[in-house]
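A.B. asks: Can you read through this structure? Questions will come right after.
The values are calculated or read from the model by the stated rules, or taken from the named source; none is laboratory data. Predicted model only: the values in this text are computed from it and were never measured. Backbone-built Cβ (ideal geometry, glycine too); neighbour counts: all protein chains shown. With ligands, DNA and RNA removed, areas are computed over all heavy atoms of the protein, side chains included. Shrake-Rupley method; radii C 1.70, N 1.55, O 1.52, S 1.80 Å.
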Amino acid sequence: MDYENFFADTLSGLKAEGRYRIFAELERHAGDFPHATHYHGDTTDAVTVWCSNDYLGMGQDPRVLSAMQDAIAECGAGAGGTRNIAGTTHLHVLLENELADLHNKEAALLFTSGYVANLTTLSTLGSQLPDCVILSDALNHNSMIEGIRAGRSEKLIFRHNDPKHLDELLSGFDRSRPKIVAFESVYSMDGDIAPIGEMCDVAQAHGALTFLDEVHAVGMYGNRGGGVAERDGVMDRVDIVQGTLAKAFGIMGGYISASRQLVDFVRSNGAGFIFTTALPPALAAGALTSIRLVRPDNDLRARHQERAATLKRRLAETGLPVMPSECHIVPILVGDARLCKEATDLLLEHHNIYVQPINYPTVPKGTERLRLTPSPIHDDGAMDELIDALLDVWNRLELKKAA
């Protein structure tokens, strides 16, 4: 086989469809979010970032940076090993205790990313629970899909955010059979939110565990930043909460929070945890500080929601096709991969605004979009510039506006 030719042909196909991914080379500026320097060739431009997952700007907070710098000075760069072999530092333990308390659970377990947390936990439970069946929401994240697949348990997919369909599927299994219902709170591409209480009602009626991915909600919802489950008053009914340190908390890493026995079971059996080097102590220190700052700051959460609501309203007033969203994520429909890429190129090249195109397979073909993530730091001036730029791009490319 001509391997190089196969690779080249496949990449050419992606480029022809307009879904070949080109990374914007950025340099973030400490303390100056959402601004960055864009490197292209031998030149640079100052840009405003409108698609970061650092939702609250905590990755640039000077108190977080100071905590990380102090940890490097005290502990060095790396953890020195896996958690089992010399890699569990005092900061890791403090962070896990903080995360357990955030979700009112008995224990928590750190992973190197939210992706690894999902993959490891679901694959471990799926493979170890005898005759387990996992029921997965149709729009679950790839990390959950891959975790379920890796566990090789029986799996069924229920219609998105549909407790009735979930109930129908669960009714086909004996109550005593191990079952897990896996779903997300905030779905990051459409911006809709799961009916968590109803999902828990159905799962508990059939004796199933609930696994809730809150990566796009922790820090931003609930009186203490515990996520949508806390906001809705149902956190105590969720068996396993999975979250990230890389979005609202602005650092890196993922975790689960659950009962002490369940967490210990995953710790003791999950290959993705056992055989991975521990997070550097500086990351643990930064995340710990960020959580402690974000938890009591309801003004920050209110400002975040206000910025998102204001942007949605202003975009709708211009006729731009804002897709329905129940949360802080603001998607704008383009509906064509090539045009979506052209739109973001124009925003970057002519307006110094960086937005990454969202194309298949992240979203279904025909629903390609721009995904905006306003933060509490995006002020009215930045919003004015964004809207003017979007209108210019829509006119240049003759893109469809809202009906």
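A.B. asks: If only one of 183, 173 is open to solvent by less than 30 Å² (accessible area, probe 1.4 Å) and not small (Gly, Ala, Ser), which one is it? Outline the logic, then answer.
C.D. replies: Working: 173 fails: open to solvent by less than 30 Å² (accessible area, probe 1.4 Å).
That would be 183, the only listed residue that is open to solvent by less than 30 Å² (accessible area, probe 1.4 Å) and not small (Gly, Ala, Ser).
A.B. asks: Moving on. Take the residues of segment 200-211 that are assigned to a helix (DSSP H, G or I) and open to solvent by 10 Å² or more (accessible area, probe 1.4 Å): which is farthest from residue 280 (Cα to Cα)? Lay out the reasoning, then the answer.
C.D. replies: Kept after step one, since they are assigned to a helix (DSSP H, G or I), are these residues of segment 200-211: 200-205.
After this cut, where a residue has to be open to solvent by 10 Å² or more (accessible area, probe 1.4 Å) as well, the list is 201-202, 204-205.
Working: 201: 39, 202: 40, 204: 38, 205: 42 Å.
Only one residue tops the list, namely 205.
A.B. asks: Still on this model: Are there any pairs, at least 6 apart or on different chains, whose C-beta atoms fall under 6 Å, with the first in segment 83-101 and under 21 Å from residue 272 (Cβ atoms) and the second of a type in the set (Ser, Thr, Tyr) and at pLDDT 95 or above, and if so, which?
C.D. replies: 99/255; 99/257; 100/257
A.B. asks: Something else: What residue, among those in segment 144-170 that are open to solvent by 60 Å² or more (accessible area, probe 1.4 Å) and closer than 11 Å to residue 133 by Cβ, is nearest to the chain's Cα centre (by Cα)?
C.D. replies: Applying the filter and picking the extreme gives 155.
A.B. asks: Between 390, 370, 346, which is in a helix (DSSP H, G or I), open to solvent by less than 10 Å² (accessible area, probe 1.4 Å) and either of a type outside the set (Val, Ile, Thr) or under 19 Å from residue 24 (Cβ atoms) (or both)?
C.D. replies: 390
A.B. asks: Also: Give segment 319-338 a look and list any residue that's open to solvent by 40 Å² or more (accessible area, probe 1.4 Å) and part of a helix (DSSP H, G or I), or say none.
C.D. replies: 338
A.B. asks: So, residue 75, is that one open to solvent by 60 Å² or more (accessible area, probe 1.4 Å), touching a Leu at 6+ places or on another chain (Cβ under 8 Å) and more than 21 Å from residue 203 (Cα to Cα) or not?
C.D. replies: Criteria met by residue 75.
A.B. asks: Continuing with this model, one more query. Anything in segment 131-143 that is in a loop (DSSP other than H, G, I, E, B) and open to solvent by 60 Å² or more (accessible area, probe 1.4 Å)? List them, or say none.
C.D. replies: Residues of segment 131-143 in a loop (DSSP other than H, G, I, E, B): 131-132, 138-141.
If the condition is that a residue be in a loop (DSSP other than H, G, I, E, B) and open to solvent by 60 Å² or more (accessible area, probe 1.4 Å), then 131, 139, 141 are the ones that fit.
A.B. asks: Given 336, 379, which one is among the acidic types (Asp, Glu) and closer than 16 Å to residue 321 by Cβ?
C.D. replies: Only one candidate qualifies: 336.
A.B. asks: Further, regarding this structure: I want to confirm something. Restricting to segment 212-225 and keeping residues that are surrounded by fewer than 24 Cβ atoms within 10 Å (Cβ to Cβ) and in contact (Cβ under 8 Å) with a residue 24 or more places away in the chain, which single residue is farthest from residue 285 (Cα to Cα)?
C.D. replies: 223
A.B. asks: For segment 298-309, indicate whether the set of residues that are touching a residue at least 24 places away in the same chain (Cβ under 8 Å) and over 30 Å from residue 387 (Cβ atoms) is non-empty.
C.D. replies: no
A.B. asks: Hey, can you tell me all the residues within segment 80-115 that are open to solvent by less than 40 Å² (accessible area, probe 1.4 Å) and assigned to a helix (DSSP H, G or I)?
C.D. replies: Within segment 80-115, 91, 92, 95, 96, 98, 99, 100, 102, 114 qualify.
A.B. asks: Does segment 267-274 contain at least one residue that is among the small types (Gly, Ala, Ser) and open to solvent by 40 Å² or more (accessible area, probe 1.4 Å)?
C.D. replies: Yes - at least one qualifying residue is present in segment 267-274.
Every residue, every condition in (1) in contact with a strand residue (DSSP E or B) (Cβ under 7 Å, 6 or more places away or on another chain); (2) of a type in the set (A, V, I, L, M, F, W, C), yes or no:
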residue	(1), (2)
346	no, yes
356	no, no
369	yes, no
381	no, no
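A.B. asks: So, of the residues in segment 60-79 that are of a type in the set (A, V, I, L, M) and not in a helix (DSSP H, G or I), which turns out to be nearest to residue 258 (Cα to Cα)? Please lay out each step first, then the result.
C.D. replies: Kept after step one, since they are of a type in the set (A, V, I, L, M), are these residues of segment 60-79: 64-65, 67-68, 71-73, 77, 79.
Subset that is not in a helix (DSSP H, G or I): 77, 79.
Working: 77: 30, 79: 25 Å.
Applying the filter and picking the extreme gives 79.
A.B. asks: Another question, then. Which of the residues that make up segment 349-367 are open to solvent by less than 30 Å² (accessible area, probe 1.4 Å) and assigned to a strand (DSSP E or B)?
C.D. replies: Result: 353, 357, 358.
A.B. asks: If I ask for residues that are open to solvent by 80 Å² or more (accessible area, probe 1.4 Å) and in a loop (DSSP other than H, G, I, E, B), which ones from segment 12-29 would you list?
C.D. replies: 20, 21, 22, 23
A.B. asks: If you check residue 59 against the conditions, is it small (Gly, Ala, Ser), within 18 Å of residue 291 (Cα to Cα), surrounded by 13 or more Cβ atoms within 10 Å (Cβ to Cβ) and touching a residue at least 12 places away in the same chain (Cβ under 8 Å)?
C.D. replies: yes
A.B. asks: Here's a follow-up. Scan segment 30-56 for residues that are open to solvent by 90 Å² or more (accessible area, probe 1.4 Å) and touching a His at 6+ places or on another chain (Cβ under 6 Å) and report the count.
C.D. replies: Of the residues in segment 30-56, 0 are open to solvent by 90 Å² or more (accessible area, probe 1.4 Å) and touching a His at 6+ places or on another chain (Cβ under 6 Å).
A.B. asks: Right, another one. Taking residue 197 as meeting all but one of (1) open to solvent by 30 Å² or more (accessible area, probe 1.4 Å); (2) part of a helix (DSSP H, G or I); (3) out of contact with any Leu (no Cβ under 9 Å at 6 or more places or on another chain), write down the number of the exception.
C.D. replies: (1)
A.B. asks: Another question, then. For residue 193, only one of the following conditions fails: (1) farther than 30 Å from residue 296 by Cβ; (2) in contact (Cβ under 8 Å) with a residue 40 or more places away in the chain. What is its number?
C.D. replies: The one condition residue 193 does not meet is (1).
A.B. asks: Something else about it: Of these, 292, 314, which one is more than 22 Å from residue 225 (Cα to Cα), in contact (Cβ under 8 Å) with a residue 60 or more places away in the chain and open to solvent by 60 Å² or more (accessible area, probe 1.4 Å)?
C.D. replies: 314
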